[in-house]
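The values are calculated or read from the model by the stated rules, or taken from the named source; none is laboratory data. Keep in mind that this is a model prediction, so the values were computed, not measured. Cβ placement follows ideal geometry from the backbone for every residue including glycine, while neighbour counts extend to all protein chains displayed.
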Amino acid sequence: MSAIDTSTLNAINGRAASAASYGTDADDLQDSFMTLLVTQLRNQDPMNPMENAEMTSQLAQINTVSGIKELNTTLEAITGQLDAGQAIQAAGLIGKGVLVPGERILMGEDGSSTPFGIELGGAAEEVRITIRNGNGEVVRRFDPFAMDAGVESFTWNGEMDDGEIAPKGAYSVSVEATADGEDVPVTQLNYALVNGVSLDPQGAPRLDLGGISEPVKLADIRQIL
C-alpha cells in the first residue's frame with residue numbers, strides 16, 4: 001500500500017490550527033489527525049519508515065492546537081469576568097455627575113452653571129480659559145494661571161466680562177495651555193449626569209448621559225463629582 005505523505009498531515013494540522021483560531025471543534029480534528037497518523041504508520045514502507053523527528057514534529061503540532069484551544073477558552077472566561085465587573089462598576093455611577101471630554105456649559109436662570117474641567121498632558125505655566133455664547137461670541141476670559149498635569153474641575157459663577165450675569169442657555173469653553181512657550185496637550189471636559197447603562201455588541205458597558213452625547217465608555221470618565 002502507498003504511504004500517506006506528510007503534506008497531507010501538514011494540511012490537516014493547518015485546518016486544525018485554523019479551527020482553534022475561529023472556535024470550531026478542535027477535538028474532532030485531533031481525532032482525525034490521530035487516525036490519519038496511525039493509518040500512515042500501518043501503511044508505511046518498512047524499508048523507509050517515518051523518521052522519529054518527523055513523528056515528533058507532527059505530534060507537537062497537534063498538541064499546540066489543543067493548547068491554543070484551552071488558552072482561548074481560558075481567555076474567554078477571563079474576558080467575561082472583566083466585562084461583568086465593569087458592568088457592576090458602571091451601574092454604580094447611575095445618578096452621579098461625571099466629567100467627560102466635551103466643551104458644553106449650561107447656565108440656569110439663577111446664574112448657576114454646570115461644572116467644567118481641564119485635563120492637561122503636562123504641567124503648564126499659563127492656562128487660559130475662554131467662554132463663548134451660542135453665537136461664538138466671547139463672554140468671559142479668565143486670567144491665566146499655572147496648573148499641574150492631570151484633571152481639575154472648575155465652576156463659572158456666570159459673571160461675564162462686563163460684570164453682568166450671563167443669560168440662561170448653553171455656552172462653550174475653550175482652553176489653551178503653554179509651558180516654556182510651547183503648547184501643552186489639553187482636553188476640555190464637560191459635566192454630565194449618568195442616566196443609565198447599556199452594553200455594546202461586545203458586551204462592554206456604555207454610559208447613557210441623557211442625550212448630550214453618544215453613550216461613553218468607562219475610560220472616558222475623567223472625574224466623578
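Within region 176-203, the residues that satisfy the criterion of being in contact with a Lys or Arg (Cβ under 7 Å, 6 or more places away or on another chain) and either small (Gly, Ala, Ser) or under 30 Å from Glu126 (Cα atoms) (or both) are Glu176, Leu189, Asn190, Ser198. Kindly indicate whether Ile118 is more than 26 Å from the chain's Cα centre (by Cα) and either part of a strand (DSSP E or B) or not assigned by TED's automatic domain parsing to the domain that holds Asp183 (or both). Answer is no for this residue. Residues that are farther than 21 Å from Val151 by Cα and touching a residue at least 60 places away in the same chain (Cβ under 8 Å) within region 175-201 comprise Asn195, Gly196, Val197, Leu199, listed in sequence order. If you filter region 142-162 down to residues that are of a type in the set (A, V, I, L, M) and in a strand (DSSP E or B), you find that the one that is nearest to Ile118 (Cα to Cα) is Val151.
Count of region 163-215 residues, restricted to those that are modelled with pLDDT of 95 or more, within 20 Å of the chain's Cα centre (by Cα) and either under 16 Å from Gly97 (Cβ atoms) or not in a strand (DSSP E or B) (or both), is 1. If you check Val173, Val138 for being among the β-branched types (Val, Ile, Thr), in the same structural domain as Ala219 (by TED's automatic domain parsing) and loosely packed, with under 14 Cβ neighbours inside 10 Å, only one passes: Val138. Filter region 89-121 down to the residues that are at positive phi and touching a strand residue (DSSP E or B) at 6+ places or on another chain (Cβ under 7 Å), then identify the one that is surrounded by the fewest Cβ atoms within 10 Å (Cβ to Cβ). Here the residue is Gly111. Consider Gly210 carefully, then state whether it is out of contact with any helix residue (DSSP H, G or I) (no Cβ under 7 Å at 6 or more places or on another chain), exposed (fewer than 13 other Cβ atoms within 10 Å of the Cβ) and small (Gly, Ala, Ser). It is true that Gly210 is out of contact with any helix residue (DSSP H, G or I) (no Cβ under 7 Å at 6 or more places or on another chain), exposed (fewer than 13 other Cβ atoms within 10 Å of the Cβ) and small (Gly, Ala, Ser).
Among the residues of region 150-162 satisfying the criterion of being under 20 Å from Val98 (Cβ atoms) and either without any contact (Cβ under 8 Å) to a residue 40 or more places away in the chain or outside the structural domain of Gly122 (by TED's automatic domain parsing) (or both), which is surrounded by the fewest Cβ atoms within 10 Å (Cβ to Cβ)? Before you say what the answer is, go through the steps one by one.
We begin by selecting, within region 150-162, every residue under 20 Å from Val98 (Cβ atoms); these are 150-156.
Right, trim to either without any contact (Cβ under 8 Å) to a residue 40 or more places away in the chain or outside the structural domain of Gly122 (by TED's automatic domain parsing) (or both) and you get 150, 152, 154.
Working: Gly150: 13, Glu152: 16, Phe154: 15.
Among those that are under 20 Å from Val98 (Cβ atoms) and either without any contact (Cβ under 8 Å) to a residue 40 or more places away in the chain or outside the structural domain of Gly122 (by TED's automatic domain parsing) (or both), it is Gly150.
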